Amino acid sequence: MQKYILKVDGMQCGMCEAHINDAIRQAFAVKKVTSSRKKKETVILSEQPLDEQALRDVIQATGYTLVSVTGEAVVKKGFFH
């Protein structure tokens, strides 16, 4: 599982968050995507690695500015770990 944290400028309201979330869901097969205008970030969980340039293109097409992308592998721990 991959976790991406995108720093996004330009979100002002809940509809902005939803707009970015919908654009990402339409462009990529992701497990989960959440955006926060207060933190100015979008967090994506994906089974497969995502192309950073494709992420930039999708965010730019929505009219917002992608400032940075941070990716890391996430290891799911079982119940008894």
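The values are calculated or read from the model by the stated rules, or taken from the named source; none is laboratory data. Because the structure is a prediction, the values reported are computed rather than measured. Positions of Cβ are generated from backbone atoms using ideal geometry, with glycine treated the same way; all protein chains shown enter the neighbour counts. Heads up: the accessible areas ignore ligands, DNA and RNA and are worked out on the full protein's heavy atoms, side chains in. Shrake-Rupley method; radii C 1.70, N 1.55, O 1.52, S 1.80 Å.
Dividing the Cα radius of gyration of the chain by its Kirkwood radius returns 0.99 for Rg/Rh. The sum of -39500 (n - 2.57) across all DSSP H runs of n ≥ 4, divided by the residue count of the chain, sets its helix-only mean residue ellipticity at 222 nm to -9500 deg cm²/dmol.
Rolling a 1.4 Å probe over the heavy atoms of the protein chains gives the chain an accessible area of 66 Å² per residue.
To put it simply, the accessible area of the chain at a 1.4 Å probe is 51 percent carbon and sulfur. Dipole magnitude for region 20-81: computed about the Cα centre from +1 point charges on Lys and Arg Cβ and -1 point charges on Asp and Glu Cβ, it is near 400 debye. The stretch between Ser36 and Arg56 holds 5.5 nm of extra length on full extension. This uses 0.36 nm per residue minus the Cα-Cα distance.
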